[in-house]
Amino acid sequence: MSISAKDVKLLRDKTGAGMMDCKKALKESGGDMDKAIEFLRKKGQKVSEKRADREADQGLVLSRISDDATKAVMIEINCETDFVARNEDFQNQAEKFLDVAFESEIKTVAELLDQEVDGITIEKHLESMVGKIGEKIEINKVVFVETDGGLVDYIHPGNQLGVLVEFEGQIEDDQIGKNVAMQIAAMNPLAVVRDNVDSTVVEKELEIAKEQLINEGKPEEIAEKAAKGKLRRFYEERVLLEQKYVKDNGISVKEYLEQNDAPLVRSFHRLQLGES
């Protein structure tokens with residue numbers, strides 16, 4: 001059957017798919033617009049499955065925080081190339097997904113994929129984007145935080161790294177909160193305080209330090225004691241409140257907050273493209 005250019009353009013406007021793909025979809029569906037849209041989605045699903053083994057380590061990290069700084073969400077949406085991540089349509093879709101996550105207080109990727117945007121589930125939107133763009137596209141992480149304290153978000157230029165910080169109370173000076181968030185972005189701490197560091201990580205660090213000292217010729221008993229000293233240095237490097245404040249190495253992050261009468265950090269989340 002003959003397919004009009006008008007119908008092809010209408011389908012393209014509805015789906016964002018390429019002109020030739022739209023023409024083929026309309027032919028396959030006998031000119032039925034709804035069936036053509038379904039055909040394109042199915043095509044997107046096939047492309048998605050075909051590309052499932054591809055690395056999607058580019059994309060965007062986006063965040064949204066409420067006006068009273070008590071609720072925030074952050075998502076990571078991935079694609080294969082930076083070229084696609086900079087595409088305006090890709091960015092606009094990602095913002096829509098972020099809006100849904102924020103408004104619906106979504107806590108997991110599975111929950112977000114089931115939500116609808118313009119009457120279509122986000123999972124189906126992703127399939128359609130795969131069909132249109134030809135790259136593996138997925139939402140990798142969702143973080144939602146609600147607190148009786150205060151929240152600060154920070155997205156590093158380029159949207160490849162984002163941080164959400166929860167404080168024990170409201171932050172009066174936004175810049176202080178941003179400085180701590182930037183500290184987390186730059187220094188990638190494991191935890192806020194020592195007690196929050198995974199015990200298996202601590203045991204491994206002690207074991208490594210002890211083995212290093214034994215290999216240097218230290219007796220086992222002395223090596224065991226000295227390893228604890230090395231562990232203290234490990235905490236100073238990897239525990240947020242004990243880290244040297246990057247803008248003033250003469251004080252710790254905890255001292256920086258205390259000197260500015262700011263509440264301490266309760267928790268944080270750090271998302272970076274390509275990290276598990």
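With respect to the conditions (1) among the polar types (S, T, N, Q); (2) within 30 Å of D34 (Cβ to Cβ); (3) touching a residue at least 60 places away in the same chain (Cβ under 8 Å), N87 falls short on a single one, namely (3). Among the numbered conditions (1) part of a helix (DSSP H, G or I); (2) closer than 30 Å to A85 by Cβ; (3) without any contact (Cβ under 8 Å) to a residue 60 or more places away in the chain, the only one that P157 does not meet is (1).
Within the range 165-173, is even one residue farther than 26 Å from V84 by Cα, at pLDDT 95 or above, of a type in the set (A, V, I, L, M, F, W, C) and in a helix (DSSP H, G or I)? Within the range 165-173, not a single residue is farther than 26 Å from V84 by Cα, at pLDDT 95 or above, of a type in the set (A, V, I, L, M, F, W, C) and in a helix (DSSP H, G or I). Pull up the range 197-206, narrow it to residues that are free of Cβ contacts under 8 Å to residues at least 12 places away in the same chain and not hydroxyl-bearing (S, T, Y), then point me to the one that is surrounded by the most Cβ atoms within 10 Å (Cβ to Cβ). Per the criteria, the residue is V201. The set of residues in the range 75-109 being more than 22 Å from R270 (Cβ to Cβ) and either touching a Ser or Thr at 6+ places or on another chain (Cβ under 9 Å) or part of a loop (DSSP other than H, G, I, E, B) (or both) consists of E80, T81, R86, N87, S104.
Every condition in (1) outside any helix (DSSP H, G or I); (2) closer than 27 Å to V143 by Cβ; (3) at pLDDT 80 or above holds for G31 except the one numbered (2).
The condition of being under 29 Å from V192 (Cβ atoms), in contact with a Lys or Arg (Cβ under 6 Å, 6 or more places away or on another chain) and not hydrophobic (A, V, I, L, M, F, W, C) does not hold for Y245. Checking the condition at pLDDT 95 or above, surrounded by 21 or more Cβ atoms within 10 Å (Cβ to Cβ) and either in contact with a Ser or Thr (Cβ under 8 Å, 6 or more places away or on another chain) or in a helix (DSSP H, G or I) (or both), which residue from V142, V130 passes? Exactly one of V142, V130 is at pLDDT 95 or above, surrounded by 21 or more Cβ atoms within 10 Å (Cβ to Cβ) and either in contact with a Ser or Thr (Cβ under 8 Å, 6 or more places away or on another chain) or in a helix (DSSP H, G or I) (or both), namely V142. Entry remark, the range 212-237: residues being of a type in the set (D, E), surrounded by 11 or more Cβ atoms within 10 Å (Cβ to Cβ) and touching a helix residue (DSSP H, G or I) at 6+ places or on another chain (Cβ under 7 Å) number 2 in total.
When E103, E88 are screened for being surrounded by fewer than 18 Cβ atoms within 10 Å (Cβ to Cβ) and within 17 Å of S63 (Cα to Cα), only E103 passes.
The values are calculated or read from the model by the stated rules, or taken from the named source; none is laboratory data. Quick caveat, the model's predicted, so the values are computed rather than measured. Here the Cβ is made from the backbone with ideal geometry for all residues, glycine too, and neighbour counts use every protein chain on show.
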